[in-house]
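Below you'll find the structure, written out as structure tokens, and then a few comments.
The values are calculated or read from the model by the stated rules, or taken from the named source; none is laboratory data. Values in this document were obtained by computation on a predicted structure and should not be read as measured data. Please note: Cβ atoms are built from the backbone with ideal geometry, for glycine as well, and neighbour counts cover all protein chains shown.
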Amino acid sequence: MADASHDTPHLPPQGGIKGGVKRVAIILNGISLKKKLFYTKILPALQQLANVHVHETRTRHDAITLASKAVEKRYDLIYAAGGDGTLNQVVNGMLVGNENSSKLPVLGLIPLGSGNDFARTVNIKPESSLIIDALTEFKPKPVDVGRITFTSEAGTPVSYFINIADVGMGPQVVKRLLDSGRAFGTPLTYYAAILQTFATYRLQTITVKTPQWNWQGKARVVAVGNGRFFGSGIGITPDAIPDDGQFSCCIGGGVSAFDFLKLQGKMRSGRRVAHPRVYYNQTQLVELTSDTPCMIEADGELVGNLPVKIEMLPGRLNLLW
């Protein structure tokens, strides 16, 4: 987990950032296909404004440890530079053991992944001028976070997510990509994996319980969204607002592959779809159980198995967006 060789800080010009930021940590996905863009365009611009330290990941889960260390070292701002998985790991590294802390660094995002689904929701782009403008103005805003508690395992381990947690086809698509070694491919790679999963996935009976409403049935997907998109641009929870204190939920029953293809246009534009087996609702707390073994993924990361309890943590982090 050694830091990158590009770890030499550059002292900012006096009064460069309105928020008084002095120390910035960047957790960079070491195998990002956009790493060259980061080092040639984005990093030099950031170094003109702040004392920047870049920490590259070397193995799959390094970002969790690196973000945790950055919290311990009291950085003012931690950027997740990568895709949704890197962002998820940084969020977990910041919050595990620190959920109730009032002194966490601000979270930043430099979208360098192939999906960048949460960045779509909050309209953050990998353009150096826009990133510099946001850092110079430095007006972070609260953003909600979801907490997943695995209720059947000893010690009730916890995982956090900032975009979307889902069961059904989603975890199977992620597993297919990981097994194939194409987890960091193009949007077309995601789409191909989704279609392949459609052909092999067997619907599972999922029970959804919330304080306001319940649902049970054979489901192709149950998504609990803080953000709007997953799967490289599919607007599965189009009503989600990441700072309103509510999850937007989408339940898809036995939607056929043919119907899925027909609905792609609306889903990718972030609009609700009208289908007799697609249901939308909201909640702050949801419990998911299944009568068969069922995985759950969050922000493109496989995080465990049902049963789980998912809770909203309103405004838990401050995001530079």
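Search the stretch 36-63 for residues that are touching a residue at least 24 places away in the same chain (Cβ under 8 Å) and surrounded by fewer than 14 Cβ atoms within 10 Å (Cβ to Cβ) and pair each with any residue that is of a type in the set (Asp, Glu) and not in a loop (DSSP other than H, G, I, E, B) when their beta-carbon atoms are under 8 Å apart and the residues are at least 6 apart or on different chains.
Pairs found: none.
Within 20 Å of Leu135 (Cα to Cα) and over 15 Å from the mean Cα position of the chain (by Cα), is that true of Leu37?
Numbers: within 20 Å of Leu135 (Cα to Cα): yes; over 15 Å from the mean Cα position of the chain (by Cα): yes.
Criteria met by Leu37.
Among residues belonging to the stretch 102-124 that are more than 23 Å from Leu33 (Cβ to Cβ) and out of contact with any strand residue (DSSP E or B) (no Cβ under 8 Å at 6 or more places or on another chain), point out the one that is surrounded by the fewest Cβ atoms within 10 Å (Cβ to Cβ).
Ser102
Each row is one residue, and each column tells you yes or no for (1) free of Cβ contacts under 8 Å to residues at least 60 places away in the same chain; (2) touching a Pro at 6+ places or on another chain (Cβ under 9 Å).
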{"position": "Ile206", "(1), (2)": "no, no"}
{"position": "Gln212", "(1), (2)": "no, no"}
{"position": "Gln216", "(1), (2)": "yes, no"}
{"position": "Ala219", "(1), (2)": "yes, no"}
{"position": "Gly227", "(1), (2)": "no, yes"}
{"position": "Gly235", "(1), (2)": "yes, no"}
{"position": "Ala240", "(1), (2)": "no, no"}
{"position": "Gly245", "(1), (2)": "no, yes"}
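Identify the residue in the stretch 1-42 that is within 17 Å of Gly82 (Cα to Cα) and of a type in the set (D, E, K, R) and, among all such residues, is modelled with the lowest pLDDT.
Here is the first cut: in the stretch 1-42, the residues within 17 Å of Gly82 (Cα to Cα) are 1, 3-4, 6, 24-42.
Restricting the remaining residues to those that are of a type in the set (D, E, K, R) gives 3, 34-36, 41.
On the way: Asp3: 45, Lys34: 94, Lys35: 96, Lys36: 96, Lys41: 96.
By that ranking, first place goes to Asp3.
Tell me, please, whether a residue that is outside the structural domain of Gly227 (by TED's automatic domain parsing), part of a strand (DSSP E or B) and not hydroxyl-bearing (Ser, Thr, Tyr) can be found in the stretch 119-138.
Within the stretch 119-138, not a single residue is outside the structural domain of Gly227 (by TED's automatic domain parsing), part of a strand (DSSP E or B) and not hydroxyl-bearing (Ser, Thr, Tyr).
State whether one or more residues within the stretch 249-258 are under 26 Å from Val91 (Cα atoms) and of a type in the set (Ser, Thr, Tyr).
Checked the stretch 249-258: no residue is under 26 Å from Val91 (Cα atoms) and of a type in the set (Ser, Thr, Tyr).
In the set Glu99, Glu127, which member is surrounded by fewer than 24 Cβ atoms within 10 Å (Cβ to Cβ), under 27 Å from Gly235 (Cα atoms) and not polar (S, T, N, Q)?
Glu127
Here's the yes/no breakdown for (1) buried (at least 16 other Cβ atoms within 10 Å of the Cβ); (2) assigned to a strand (DSSP E or B); (3) touching a residue at least 40 places away in the same chain (Cβ under 8 Å):
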{"residue": "Arg271", "(1), (2), (3)": "no, no, no"}
{"residue": "Tyr279", "(1), (2), (3)": "yes, yes, yes"}
{"residue": "Val286", "(1), (2), (3)": "yes, yes, yes"}
{"residue": "Gly304", "(1), (2), (3)": "yes, yes, yes"}
{"residue": "Lys309", "(1), (2), (3)": "yes, yes, yes"}
{"residue": "Pro314", "(1), (2), (3)": "no, yes, yes"}
{"residue": "Leu317", "(1), (2), (3)": "yes, yes, yes"}
{"residue": "Trp321", "(1), (2), (3)": "yes, no, yes"}
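Spot the failing condition for Val167; the list is (1) modelled with pLDDT of 95 or more; (2) farther than 20 Å from Pro242 by Cβ; (3) surrounded by fewer than 16 Cβ atoms within 10 Å (Cβ to Cβ); (4) not aromatic (Phe, Trp, Tyr), and only one is missed.
Every listed condition holds for Val167 apart from (3).
Kindly provide the set of residues from the stretch 19-68 that are outside any helix (DSSP H, G or I) and basic (Lys, Arg), ordered by number.
Across the stretch 19-68, the qualifying residues are Lys22, Arg23, Lys34, Arg58, Arg60.
Sort out which residues of the stretch 91-113 are part of a loop (DSSP other than H, G, I, E, B), touching a residue at least 40 places away in the same chain (Cβ under 8 Å) and either among the small types (Gly, Ala, Ser) or more than 23 Å from Ala165 (Cβ to Cβ) (or both), and write them in order of number.
Of the residues in the stretch 91-113, the ones part of a loop (DSSP other than H, G, I, E, B) are 96-105, 112-113.
Adding the requirement that they be touching a residue at least 40 places away in the same chain (Cβ under 8 Å) leaves 96, 99, 104-105, 112-113.
The answer is Pro105, Gly113.
(1) outside any strand (DSSP E or B); (2) modelled with pLDDT of 95 or more: which one isn't true of Lys266, the others all being true?
Checking Lys266 against (1) outside any strand (DSSP E or B); (2) modelled with pLDDT of 95 or more, the one that fails is (2).
Being surrounded by fewer than 18 Cβ atoms within 10 Å (Cβ to Cβ) and not small (Gly, Ala, Ser) is the filter here; which residues of the stretch 247-262 pass it?
Phe258, Asp259, Leu261, Lys262
Mind telling me which of the residues Asn88, Asn92, Asn98 ends up being outside the structural domain of Gln282 (by TED's automatic domain parsing) and touching an Asp or Glu at 6+ places or on another chain (Cβ under 8 Å)?
The conditions single out Asn88.
Starting from residues that are assigned to a helix (DSSP H, G or I) and hydrophobic (A, V, I, L, M, F, W, C), keep the ones in the stretch 80-90 and report whichever is surrounded by the fewest Cβ atoms within 10 Å (Cβ to Cβ).
This residue is Val90.
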